Amino acid sequence: MKMLNLTLDNSNQKLYLKIAHAIRSAINNGNVVSTEKLPSTRSLAEQLSVNRHTVMAAYNELVAQGWVETQQRQGYRVAENLPIFSSTAANKQKETMTHQHQWRLVKANNSVTPAAASRYQFNFAGGNPDIDLFPFNEFKSFMNDALNRPDIHELNYGDNMGFGPFIKQVSTYLRRVRSINNKQIIVVNGTQEALYILSQVLIKHGDKVAVESLGYQPAWSAFENAGAQLIAVKQTDHGIDVDHLEQLIQAHTIRLLYLTPLHQYPTTTTLAMSKRQRIYQLAQQYNIAIIEDDYDHEFHYNSQPLAPMAANDPSGLVIYLSSFSKIMFPGIRLGIIAVDQSLCQHIVNYRAIINHKVNVPLQDALARWMQDGGFERHLRKATRRYQKRRQCMVELLNEFIDEGLNISFSIPAGGMALWVNIGGNAQHVAQLAKQQSIFLLAENAFHLDKNNDQDKYIRLGFAGQDEQKIRQGLLLLKSLLK
Ligand SMILES: Cc1ncc(COP(=O)(O)O)c(C=O)c1O
């Protein structure tokens, strides 16, 4: 330890005793803890502008009293068994209890933080990528480059839209791979931040926001936090029920529609092209902004995925969100908003309230990695692996069906999970599975209106673990499904 904040009193005591007293107080207050190393005599002398011998005398005094221990050549550390009288400790505890502050909480998030699915031996959480597939060594060299040759100007405060070369790479990628060429790009710390900013910018207290009846709770929380009233749109096997959407629009003033069109979360169905056309028309006619959350676009298997709604957006009202949480890993905290020019600056300006920038060295490294082609190589590899895992899960579940297990599912064209009808008791099965160290979620977790819970479906993620784990986990799960 180099620094320790000490307050010397104004008494007429000798200086070394005042220093000893200040260190003892620091120990008593918990600012340094038992066995922690104390500053060297040299650095403490420098800090207090006193002679080194004075500090040494203070330490020796504390050693004599049992507060500090000294080890040869290792300097001084707080003693392991401190001479704090238990009455002092008890008094202190009493003091904190009587002085506990009563916080006036004006906003709370009552949705539960997701369980750490990765702590389970078999992790069937629907959206987890396999982080072991990420080429850390390769990426490290681009991170090194970004730190060895940084753009000093960009490291300072300033432009809050995103790091220029990264935006350029992302724009090129979105244009080539997802046919989006008509939007401005803003870099954010993941989709959740984007949802929060958009909610604050676009939603007023009491506004109605239409969402898929089975959907993504973290998005709902962001809307509700801004004062939105959520309205559920029914779902069909090909995405939302557009007739129902139209009825809702006629009955309520809906300001915003949040959709996961490519791989509907959590059911994995793709929103049909004909429905997309009607949704554009309705949105245009009734002036409704659409948030398109395209969270795992690349993971589509037998054919090219449908282009995002944002790509064919006739009136610029689709706000497109993309995340690096699946294509890299959730801890990277990086995402983008692709939005019409007319909304862009409002979002950038609002974002300045919560953050000045997104991590610049990280964007720089990613830009270099994308330029080199590594990003797309990784995506191709991960997609191939996930396709095999999907096949493995499908084959095994089909075997279970052949053996007489009463379950059913459709093979999803893409995504990272299967939506499996197990006939009933889904919540109970999810609970029992946890006891066997298997993580999975039942449909209950995804309903906006829990009254609609039929308790039939479970979501089984196939991307996050290898085939061996999938097999072992499913075989264990099978016994719970009988
Ligand atoms: C529907 C949906 N949107 C977005 C995300 C990614 O969010 P973020 O970028 O905040 O990690 C996820 C991740 O699970 C998701 O399931």
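Observations on the structure shown:
- The apolar share of the surface of the range 135-373, taken as the fraction of accessible area on carbon and sulfur atoms (1.4 Å probe, ligands and nucleic acids excluded), comes to 48 percent.
- Viscosity 1.002 mPa s, temperature 20 °C, Stokes-Einstein D of the chain from Kirkwood C-alpha radius, µm²/s: 81 µm²/s
- Principal-axis tilt of helix 467-481 within the chain, Cα atoms, nearest 10 degrees: 80 degrees
- Put E69, E224 in order of accessible area, highest first, and with a 1.4 Å probe you get E224, E69.
- Heavy-atom accessible area for M143, with the other protein chains in place and a 1.4 Å probe, reaches approximately 50 Å².
- Residues V233, V177, ordered by accessible area of protein heavy atoms at a 1.4 angstrom probe radius and largest first, appear as V177, V233.
- Among the trypsin sites (Lys or Arg not before Pro) in the range 28-83, those located in a DSSP loop and surrounded by at most 16 other Cβ atoms within 10 Å of their own Cβ are R73.
- Summary of the geometry: the range 431-482 and the range 257-330, compared by the centres of their Cα atoms, lie 26 Å apart.
- Span from the the range 212-232 Cα centroid across to the the range 356-412 one, whole angstrom: 27 Å
- Cα gyration tensor shape of the range 246-398, rounded if a/c is under 1.5, else prolate or oblate by comparing a/b with b/c: oblate
- Straight-distance crosslink candidates among aspartates and glutamates, where the alpha carbon sits under 14 Å from K388 and sequence neighbours closer than 8 are dropped: D130, D466, E467
- On the basis of the beta-carbon distance and an R0 of 30 Å, L432 and T236 show a calculated FRET efficiency of 0.45.
- Theoretical ellipticity at 222 nm over the chain - DSSP helices of four or more residues, -39500 (n - 2.57) apiece, nearest 500: -13500 deg cm²/dmol
- Sites D449 and S34, calculated FRET efficiency, Cβ-Cβ separation with R0 45 Å, nearest 0.05: 0.25
- Checking the Cα-Cα distances for K107/K183; K234/K478; K168/K326; K234/K456; K168/K204 against a 24 Å cut-off, the pairs over it are K107/K183; K234/K478; K168/K204.
- DSSP bridge pairs, the chain: antiparallel proportion in percent, nearest 5: 55 percent
- Qualifying trypsin sites (Lys or Arg not before Pro) in the range 95-186, DSSP loop, other Cβ atoms within 10 Å at most 12: R104, K107
- C-alpha long axis of helix 273-286 to longest principal axis of the chain, angle in °: 70 degrees
- Solvent-accessible area of the range 402-445 (1.4 angstrom probe, protein heavy atoms only): carbon and sulfur portion equals 41 percent.
- Per residue accessible area of the chain, 1.4 Å probe, in Å²: 51 Å²
- Loop-resident chymotrypsin sites (Phe, Trp or Tyr not before Pro) (DSSP state other than H, G, I, E or B) in the range 97-162 with no more than 11 further Cβ atoms inside 10 Å of their Cβ: W103, Y157.
- Within the full protein context, the accessible area of H238 is estimated at about 110 Å² for a probe radius of 1.4 Å.
- Ordered from largest to smallest accessible area (heavy atoms of protein chains, 1.4 Å probe), the residues T41, T253 come out as T253, T41.
- For the chain, size of Cβ-based charge dipole, Lys and Arg +1, Asp and Glu -1, in debye: 1080 debye
The values are calculated or read from the model by the stated rules, or taken from the named source; none is laboratory data. This one's a predicted model, so the numbers in the text were calculated from it and none came from an experiment. For neighbour counting, all protein chains shown are included, and Cβ atoms are generated from backbone atoms with ideal geometry for every residue, glycine included. Just so you know, the surface numbers come from the protein's heavy atoms only, side chains and all, with ligands and any DNA or RNA stripped out. Shrake-Rupley method; radii C 1.70, N 1.55, O 1.52, S 1.80 Å.
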